[in-house]
């Protein structure tokens, strides 16, 4: 009975296979980390958009002449319960910028927070018009 002396892998073949496995694994881990960071940023942007929309909806419910009072008296701590399951963002700050016209006011809500790679901002604007009956 003749025995085959060339069975199995050589050390060089094993090292090449291990090297290929390391390169592929490194690429997959890098892709996973990038995807996780992107997912976290999108989650933060969604929360910021929801917060900006919440305050624009509250301004929409105000009378046209009381928009300025809402902006002046705004305190983010009064709305902690309204943020729902997501809560507040890290170091979240919300500011308003209003461009008052005689019949139309443009309100811009800016939400800023500390994200994974520095400060992030999200802006949402809306126009509010004086009702014809109030003219």
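The values are calculated or read from the model by the stated rules, or taken from the named source; none is laboratory data. All figures in this text were calculated on a predicted structure; none of them were measured in a lab. With ideal geometry, Cβ positions are generated from the backbone for all residues, glycine too; neighbour counts draw on all protein chains shown.
One table, with the values for the structure above:
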{"read-out": "Set 14, 54: member being farther than 30 Å from residue 107 by Cα, surrounded by 10 or more Cβ atoms within 10 Å (Cβ to Cβ) and modelled with pLDDT under 95", "value": "14"}
{"read-out": "Residue 129, sole failed condition from (1) crowded, with 16+ Cβ neighbours inside 10 Å; (2) in contact with a strand residue (DSSP E or B) (Cβ under 6 Å, 6 or more places away or on another chain)", "value": "(1)"}
{"read-out": "Some residue of segment 89-106 being in contact with a helix residue (DSSP H, G or I) (Cβ under 9 Å, 6 or more places away or on another chain), surrounded by 11 or more Cβ atoms within 10 Å (Cβ to Cβ) and modelled with pLDDT under 85", "value": "no"}
{"read-out": "Top-ranked residue in segment 59-80 [being surrounded by 11 or more Cβ atoms within 10 Å (Cβ to Cβ) and under 21 Å from the mean Cα position of the chain (by Cα); ranked as farthest from residue 123 (Cα to Cα)]", "value": "79"}
